[in-house]
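Just below is one structure, and these are the notes that go with it.
The values are calculated or read from the model by the stated rules, or taken from the named source; none is laboratory data. Computed from a predicted model, the values in this text were never measured in an experiment. Every residue, glycine as well, gets a Cβ built from its backbone with ideal geometry; the counts of neighbours run over all protein chains shown.
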Amino acid sequence: MRPGGPGGRPFWIVGPGRMGLTMGGLVLESGLAARVDFFGRRAAPPQHILFERPSVFYSTRFPGPAPRNAVVLVAVPDAAVPEAAASLAEAGVAPNGTVALHLSGVLPASSLGALRSRGYAIGSLHPLQTVAEPGGGLARLRGIAFAFEGEPAARGVAEAIAEVADGRLLEVRASEKPKYHAACVFAANYVVASMAVAARLLAEAAAIPERDALAALLPLLEGARANLERLGLPGALTGPVVRGDLETVRLHLAALDAPTRALYSALARETLRLARQAGLEPGRAQEIARLLEAAE
């Protein structure tokens, strides 16, 4: 059930950045929010279509505690979460039914401890989606997972947000959040970093600009993603390691500079683990392992 009934409930979003604006779009488009108040440090709101809506407001200061049954989403950088919580706590005691969730993937819900002492039910809700540009709202977040950690009284709001996004709620213990967030970094940030290395190498090999190299590589990336979706792990794995192609791996290592070779070797060792699961012959797997060790 959506919190607040058909008319929605008030949402306060602290931090009108990329994720704050995207979450604002989600709760408005889904009907979860009756109105959305954004709070930021700049005198004027960012230029965004959301602020053209009559139910969206912007301020640089809290007028008081959040109203009854409101949901506060703290969408600021991780280091600023406790400060934002303390600032809102200074505005007064919250009425019953008021929930505060921060959107950090690594911080525990207890980072909002200042609000808990002022009557807010606290939690953390991290959308498993990369948002490089603000906006998209419901379309951007549809079908994703949301990781929740926090008090039972805050869980209902987290469930409602996941539900209207046609997503799923994952529960992550506070002690496991750094590992959880590292998983997200591998799946998103380090894929981008790997593509940067790939684009640089292709640009050097083909004597083309890196933007053209990236364009040439994107279908390969999309093919790997499609294979992962269709075949899972380790079935999606292709390439010289899973084929046991020792000579190709040797040629790769010889062609790379030392830092890139070290990165290649680290990823190749993880690839070798998957290749063994996929049925790579043990003797050939051991040969590749020795080659990688010698390259260090």
Residues of the range 240-277 satisfying the condition of being under 12 Å from A289 (Cα atoms) and among the basic types (K, R): R250, R269, R273, R276
Failed criterion for A86 (all others in (1) on the phi < 0 side of the Ramachandran plot; (2) surrounded by 15 or more Cβ atoms within 10 Å (Cβ to Cβ) hold): (2)
Where a residue in the range 177-206 is under 26 Å from P108 (Cα atoms) and its partner, wherever it lies, is surrounded by 13 or more Cβ atoms within 10 Å (Cβ to Cβ) and charged (D, E, K, R), with Cβ under 8 Å and at least six apart: K177/E149
Residue in the range 183-200 that is of a type in the set (A, V, I, L, M), outside the structural domain of A91 (by TED's automatic domain parsing) and crowded, with 18+ Cβ neighbours inside 10 Å present: yes
Exclusive hit being surrounded by 17 or more Cβ atoms within 10 Å (Cβ to Cβ), touching a His at 6+ places or on another chain (Cβ under 6 Å) and touching a residue at least 24 places away in the same chain (Cβ under 8 Å), set V81, V27, V56: V81
Number of the exception - I208 against (1) in a loop (DSSP other than H, G, I, E, B); (2) out of contact with any Leu (no Cβ under 9 Å at 6 or more places or on another chain): (2)
Candidate set: the range 59-70, residues that are without any contact (Cβ under 8 Å) to a residue 24 or more places away in the chain and part of a loop (DSSP other than H, G, I, E, B); chosen: the one surrounded by the most Cβ atoms within 10 Å (Cβ to Cβ): T60
All positions within the range 161-173 that are within 17 Å of the chain's Cα centre (by Cα) and either part of a helix (DSSP H, G or I) or of a type in the set (G, A, S) (or both): I161, A162, A165, G167
Criterion: of a type in the set (G, A, S) and either closer than 27 Å to E29 by Cβ or not in a helix (DSSP H, G or I) (or both) - qualifying residue of A158, A183, A196: A158
Total residues in the range 100-131, condition surrounded by fewer than 19 Cβ atoms within 10 Å (Cβ to Cβ), in contact with a helix residue (DSSP H, G or I) (Cβ under 7 Å, 6 or more places away or on another chain) and under 14 Å from T22 (Cα atoms): 2
